[in-house]
Amino acid sequence: MKKINITTLDHLDQIDQASFNQPKIIYKHSTTCGLCDIIWDIVKESDFELNYLDLLTYRPLSNEIERRYNVQHESPQILIIKDGKCVYNASHRKIKNEEIQKQLDLFD
């Protein structure tokens with residue numbers, strides 16, 4: 001797993017642009033949530049490149065993600081971005097590496 005921290009609006013813009021070449025994954029995480037820690041332990045064992053957002057530190061970016069991709073805020077939450085749009089999202093215990101891979105395979 002490769003983790004790229006989302007810390008600025010420019011990072012979101014870069015994710016949008018890069019998603020026209022290949023799907024991009026955003027992982028939203030609350031550092032004070034026990035369930036987030038459990039899901040993170042699962043997701044970090046994957047081979048995915050994750051764009052990681054610390055919700056507590058960068059809450060305005062989380063709000064922008066909700067607005068930009070028209071996906072209600074949850075945490076933990078996975079979004080797959082393709083061609084600048086959210087094409088898949090899952091939250092809480094619905095986040096599974098196998099399902100993420102299945103969704104990514106749709107674009108191969």
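The values are calculated or read from the model by the stated rules, or taken from the named source; none is laboratory data. Because the structure is a prediction, the values reported are computed rather than measured. Cβ sites come from the backbone with ideal geometry, for glycine too, and all protein chains shown count toward neighbours.
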request  = Quick one: which residue in Q22, Q14 is at pLDDT 95 or above, among the polar types (S, T, N, Q), surrounded by fewer than 19 Cβ atoms within 10 Å (Cβ to Cβ) and assigned to a loop (DSSP other than H, G, I, E, B)?
outcome  = Q22
inquiry  = Just the residues that are out of contact with any Lys or Arg (no Cβ under 7 Å at 6 or more places or on another chain) and in contact (Cβ under 8 Å) with a residue 60 or more places away in the chain, please, taken from segment 18-65.
reply    = F20, Q22, I25
